[in-house]
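No value in this document is a laboratory result; all are computed from the given coordinates. Bear in mind that the values here come from a model prediction, so they are computed numbers and not experimental data. Because the Cβ atoms are built from the backbone with ideal geometry, glycine has one as well, and the counts that use them run over all protein chains shown.
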Amino acid sequence: VIDVPVRLGPRGYRILVGAGVLDRLGPELAALGAGRRVALVADAGLLGLHGPAATKSLEGAGFGVAALEVPAGEEAKRLEVLAGLWEAMLDAGLDRGSTVVALGGGATGDVAGFAAATYMRGIGLVQVPTTLLAQVDASIGGKTAIDLPRGKNLVGAFHQPRLVLTDTALLGTLPERDFRSGLAEVIKHGIVLDAAYFAEVEVLLPALLARDLAALTRVVGGSCRIKAAVVERDAEEAELRAVLNYGHTIGHAIEAVTGFARWTHGEAVALGIAAEARLAERLGVAAPGVAERQEAVLRAAGLPVRGTAAPAEAVVEALGRDKKARDGRLPFVLAPEIGRFRLVSDVPRAAVLETLRALA
Ligand SMILES: NC(=O)c1ccc[n+]([C@@H]2O[C@H](COP(=O)([O-])OP(=O)(O)OC[C@H]3O[C@@H](n4cnc5c(N)ncnc54)[C@H](O)[C@@H]3O)[C@@H](O)[C@H]2O)c1
Ligand SMILES: [Zn+2]
């Protein structure tokens, strides 16, 4: 088991990463001095797959568990679902000392986390992420939110969990496309923040794709360390806040232009990384060859690096709508080499357009 501390003073917590750590849910929560009532929030599929194990661990440690079902995926992040959770938490007798356990992907974590952030002005939260994206990204950092009809994540709050239990064995049932999509964030972490980690991912990729538990624990644990370090330093260093957006500037634009339907988030990020890597070479920020190494590992992970299914002009247009854009120049996080990042605030639109055309 890899134990990753997130050092945030009184709001600090631990991420426990390992195959089978779900069994420790009850004892770890008891050790934190949590009250006896727990709401276990998950969609029907996850409640069926892992609800019994989570409940057994909690009940074994003396907790009373109310299982609260939410819709699967993004459908969970709606106001009606949130309001239903508040009512169900009251019905279940949750008080200020109670805890919400979010068992699921990022969508479940976001709505359950926002419920915990707001119920009785905030109660305890434990994240038990079950997708690769949630394990290496969404469960860490305390961002919670729901969507509005006009856009994603428009209402939310910062609410740090008291514990993150990251059981890599739960990834065994994750559909292949979701699993590969999560690898885009793993690869991103290595490219901009840690060359040794990137090299390790290159080597372990076949084992990861086979869902080898030792490889998964090592790589997920490594990504948790990287994200935790960013979250810890986020408050002081404004620069660092942007670094995790690598691949996401163009990735988000591709998602928007293709109506959030053609690509998963991770696939759009992979296309974004490939484009931003080529952009860095075009601008002379990165030496030739740096992009190819990024593309090779994305390709090996089964992720797309060519053919955005979106006209280059439309993608650049979508980038320009971003409020950070100024006078035909766009801000980007780029990777001068593997393991390092640089903020470039004034990338000419034309360079982005030419890069996207070359990748079409
Ligand atoms: N809070 C943050 O910092 C943060 C960061 C990144 C993304 N997000 C959010 O995360 C969401 C995306 O999360 P996601 O990619 O984890 O997907 P998701 O939560 O939408 O889940 C996708 C599907 O996978 C299924 N599933 C989950 N785990 C499974 C498992 N182990 N076995 C079988 N099926 C499983 C779910 O039932 C669901 O149908 C978005 O809403 C995004 O906004 C939040
Ligand atoms: Zn992302």
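Quick notes on this one:
- Kirkwood Rh in Å, taken over all unlike Cα pairs in the range 18-146: 14.1 Å
- Relative contact order %, the range 77-199, counting alpha carbon pairs below 8 Å whose residues are six or more apart: 23 percent
- Placing unit charges on the Cβ atoms of the charged side chains and taking the dipole of the chain about its Cα centre, the candidate lying farthest along the positive direction among 229, 219, 308 is 229.
- Put simply, the range 134-261 fits an ellipsoid with semi-axes of 24, 19, 16 Å; these come from the alpha carbon gyration tensor as the roots of five times its eigenvalues, largest first.
- Using R0 = 56 Å, the C-beta based FRET efficiency linking residue 32 and residue 343 works out to 0.90.
- Cβ-Cβ distance of residue 314 and residue 283, R₀ of 25 Å, FRET efficiency by 1/(1 + (r/R0)^6): the value works out to about 0.70.
- Figure legend: label point modelled 7 angstrom from the Cα of residue 353 along Cα→Cβ; residues of the range 271-306 with amide N under 20 Å from it are 275-284.
- Remark on the range 190-319: hydrodynamic radius 15.8 angstrom, per the Kirkwood mean of 1/r across alpha carbon pairs.
- Over 15 Å [Cα-Cα, the range 1-79], rounded percent: 64 percent
- Most mobile of 175, 336, 71 in a GNM of the chain (Cα contacts under 10 Å): 175
- Near residue 67, the amide H atoms lying under 5 Å from its own belong to 40; only residues 5 or more places off or on other chains count, and H is placed 1.01 Å from N.
- If the Kirkwood radius is taken over C-alpha pairs of the chain, then at 37 °C and 0.692 mPa s the Stokes-Einstein diffusion coefficient equals 158 µm²/s.
- Kirkwood's formula applied to the C-alpha pairs of the range 71-188 gives a hydrodynamic radius of 14.4 angstrom.
- Taking every lysine pair in the chain that is 8 or more places apart or spans two chains, those with Cα atoms closer than 19 Å amount to 7.
- Rg of the Cα atoms in the range 130-201, relative to 2.2 N^0.38 Å, amounts to 1.28.
- Listed residues 96, 342, 180, most fluctuating in the chain (Gaussian network, C-alpha, under 10 Å): 96
- Normalised by the number of residues in the chain, the mean separation of alpha-carbon contacts (under 8 Å, six or more apart) gives a relative contact order of 15 percent.
- Equivalent ellipsoid dimensions for the range 234-288 as semi-axes, Å, which come from the Cα gyration tensor, largest first: 22, 18, 7
- Gaussian network model of the chain, springs between alpha carbon atoms under 10 Å - residue of 215, 277, 256 with greatest fluctuation: 256
- For the chain, calculated [θ]222 nm from helices alone, where every DSSP H run of n ≥ 4 adds -39500 (n - 2.57): -15000 deg cm²/dmol
- Listed residue (48, 199, 62) projecting farthest to the positive dipole end of the chain, Cβ model: 199
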